[in-house]
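S.K.: Submitted below is the structure of interest, expressed as structure tokens.
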Amino acid sequence: MPILQPAYNPPLLFKSGHFSTLYTGLFRSVKMPMQKRERIQLYDGDFLDLDWSFTSTKTAKVAIVVHGLEGNAQRPYILGATRELLLCNYNVCAVNLRGCSGETNVLFRSYHSGATEDLDAVVQHILGLKTYSKIVLQGFSLGGNLILKYLGENRQRPPEIKAGIGVSVPCSLASSLEELLKPKNMLYAANFKKRLLEKLRIKHEQYPDKIDASEINRIKTLKDFDDVYTSKANGFLNALDYYTKASCLQFLSEIDVPTIILNAKNDSFLGKACYPIKEAEQNSNLYLEMPLYGGHVGFYGDNNVTYAEKRAVKFLEEQV
């Protein structure tokens, strides 16, 4: 599919990738749509908390929305996406990944970028409701990688799944990690590491036999965290093995439903390999849009509706 030509041209301040990222992450406020929490039990004894929002009239359409690293279903970017999807007559199932709903998950393992078995559990749960004939998937950052990997994996895709939307997607986890470790992203990386370590210390209290305090103390970077915990807790050899196997890039060629990736060129979290130009050119179902501006899950827009939110619903109107 030809690479899409973006029309996004924000006000001057928001042409800065860092300003766009920080504004949306720290200062944007979205009135919370009514959410109803549902807990589902997983195949391995753990649980996921799903936060549902419903249209005022009955609908057979549902959007599964997945947050990014250390996010949750109450983040402004999730609430903004939910608001626009509701207006398009989609019920919304906002997924809190393991350990992200405000309550520590049961097992030693937690969420990660490639845990599509958890996303599939949500899909199967929704199919079991026998309410929806159209399911779309939308993911942000880590959640975008997750939904794209899911759509391209060698599994029997339910025919009810009609489209995918990935925003600010680290299609190559190694390439993204390399960028995050650069000085320009020092504050972002430190914030992510701080929050991840807080959760890991709770895991240590739950499972003192599975990880030693000395191992936690030697974590200095996000890669260290993935070497010490993420990879080992989830069955990977090390961080590099995790990045290699969990990245969605290798699965994009197999996506067979209309899917759009919206990655800003000034997203400081994304390396060159996170812009899958060749894969989009060779797959008629894969649309790639690379605005000059937007930052990481930024995309400031008028009336507190981001360009990413507008683009997502326009894509669904055109394709579903």
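The values are calculated or read from the model by the stated rules, or taken from the named source; none is laboratory data. Predicted model, so just to flag it, every value in this text is computed and none were measured. All Cβ positions, even for glycine, are placed from backbone atoms using ideal geometry, and neighbour counts span all protein chains on display. These area figures cover heavy atoms from the full protein model, side chains too; ligands, DNA and RNA do not enter into them. Shrake-Rupley method; radii C 1.70, N 1.55, O 1.52, S 1.80 Å.
S.K.: If you take the residues in the stretch 4-20 that are of a type in the set (A, V, I, L, M, F, W, C) and out of contact with any helix residue (DSSP H, G or I) (no Cβ under 6 Å at 6 or more places or on another chain), which one is most open to solvent (accessible area, probe 1.4 Å)? Talk me through it step by step, then tell me what you get.
M.R.: Restricting attention to the stretch 4-20, the residues satisfying the condition of being of a type in the set (A, V, I, L, M, F, W, C) are 4, 7, 12-14, 19.
Okay, now just the ones that are also out of contact with any helix residue (DSSP H, G or I) (no Cβ under 6 Å at 6 or more places or on another chain), so 4, 7, 12.
On the way: Leu4: 42, Ala7: 90, Leu12: 145 Å².
Step by step, filter the stretch 4-20, then rank; the result is Leu12.
S.K.: Quick one: what pairs do we get from the stretch 308-319, first residue among the polar types (S, T, N, Q), second in a helix (DSSP H, G or I) and open to solvent by 10 Å² or more (accessible area, probe 1.4 Å), C-beta under 7 Å, 6+ apart or different chains?
M.R.: Hits for this filter: zero, empty list.
S.K.: If you don't mind, another one. Please go through the stretch 183-206 and give me each residue that is more than 18 Å from the chain's Cα centre (by Cα) and either assigned to a strand (DSSP E or B) or touching a residue at least 60 places away in the same chain (Cβ under 8 Å) (or both), ordered by number.
M.R.: Lys184, Asn185, Lys199, Ile202, Lys203, Gln206
S.K.: Among the residues of the stretch 280-307, write down those that are open to solvent by 10 Å² or more (accessible area, probe 1.4 Å), touching a residue at least 40 places away in the same chain (Cβ under 8 Å) and either among the acidic types (Asp, Glu) or outside any loop (DSSP other than H, G, I, E, B) (or both).
M.R.: Within the stretch 280-307, Glu281, Tyr287, Asn304, Tyr307 meet the criteria.
S.K.: Can you find a residue in the stretch 178-196 that is open to solvent by 20 Å² or more (accessible area, probe 1.4 Å), touching a His at 6+ places or on another chain (Cβ under 7 Å) and at negative phi?
M.R.: no
S.K.: Return the residues of the stretch 105-117 that are part of a helix (DSSP H, G or I) and buried (at least 22 other Cβ atoms within 10 Å of the Cβ); say none if nothing qualifies. So that I can check it myself, show each step before the final result.
M.R.: Start the filter on the stretch 105-117 by keeping residues that are part of a helix (DSSP H, G or I), which leaves 116-117.
Answer for the stretch 105-117, where residues must be part of a helix (DSSP H, G or I) and buried (at least 22 other Cβ atoms within 10 Å of the Cβ): just Thr116.
S.K.: Could you run through the stretch 236-283 and say how many residues are more than 29 Å from Gln319 (Cα to Cα) and aliphatic (A, V, I, L, M)?
M.R.: 3
S.K.: Which residues, counting only those in the stretch 6-35, are in contact with a Ser or Thr (Cβ under 7 Å, 6 or more places away or on another chain) and free of Cβ contacts under 8 Å to residues at least 40 places away in the same chain?
M.R.: Correct list: Met34 only.
S.K.: Checking the structure you have, find out if any residue of the stretch 271-279 is within 24 Å of Val92 (Cα to Cα) and assigned to a loop (DSSP other than H, G, I, E, B). Before the answer, list the steps.
M.R.: First pass over the stretch 271-279, keeping only residues within 24 Å of Val92 (Cα to Cα): none.
No, because not a single residue in the stretch 271-279 is within 24 Å of Val92 (Cα to Cα) and assigned to a loop (DSSP other than H, G, I, E, B).
S.K.: Could I ask something else about it? Could you please find all residues in the stretch 218-243 being assigned to a helix (DSSP H, G or I), surrounded by 20 or more Cβ atoms within 10 Å (Cβ to Cβ) and not aliphatic (A, V, I, L, M)?
M.R.: Lys223, Asp226, Asp227, Tyr229, Thr230, Ser231, Tyr242, Tyr243 - these are the residues of the stretch 218-243 that are assigned to a helix (DSSP H, G or I), surrounded by 20 or more Cβ atoms within 10 Å (Cβ to Cβ) and not aliphatic (A, V, I, L, M).
Yes or no, residue by residue, for (1) in a strand (DSSP E or B); (2) open to solvent by 30 Å² or more (accessible area, probe 1.4 Å); (3) acidic (Asp, Glu); (4) in contact with an Asp or Glu (Cβ under 8 Å, 6 or more places away or on another chain):
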site: Gly80; (1), (2), (3), (4): no, no, no, yes
site: Val123; (1), (2), (3), (4): no, no, no, no
site: Asn145; (1), (2), (3), (4): no, no, no, no
site: Leu148; (1), (2), (3), (4): no, no, no, no
site: Asn154; (1), (2), (3), (4): no, yes, no, yes
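S.K.: In addition: Check Arg37 against each of (1) open to solvent by less than 60 Å² (accessible area, probe 1.4 Å); (2) within 30 Å of Lys210 (Cβ to Cβ) and name the one condition it does not meet.
M.R.: (1)
S.K.: Something else now. Name every residue in the stretch 90-123 that is within 24 Å of Asp209 (Cβ to Cβ) and either over 12 Å from the mean Cα position of the chain (by Cα) or modelled with pLDDT under 95 (or both), in order of residue number. Let's see the steps before the verdict.
M.R.: Residues of the stretch 90-123 within 24 Å of Asp209 (Cβ to Cβ): 98-99, 103-112, 115.
Hits for the stretch 90-123 are Arg98, Gly99, Glu103, Thr104, Asn105, Val106, Leu107, Phe108, Arg109, Ser110.
S.K.: Another one. Find the residue count for the stretch 37-78, including only residues that are modelled with pLDDT of 95 or more, of a type outside the set (Val, Ile, Thr) and assigned to a loop (DSSP other than H, G, I, E, B).
M.R.: Qualifying residue count for the region: 17.
S.K.: Hey, Gly25 hits all of (1) modelled with pLDDT of 95 or more; (2) open to solvent by 10 Å² or more (accessible area, probe 1.4 Å) but one; which does it fall short on?
M.R.: (1)
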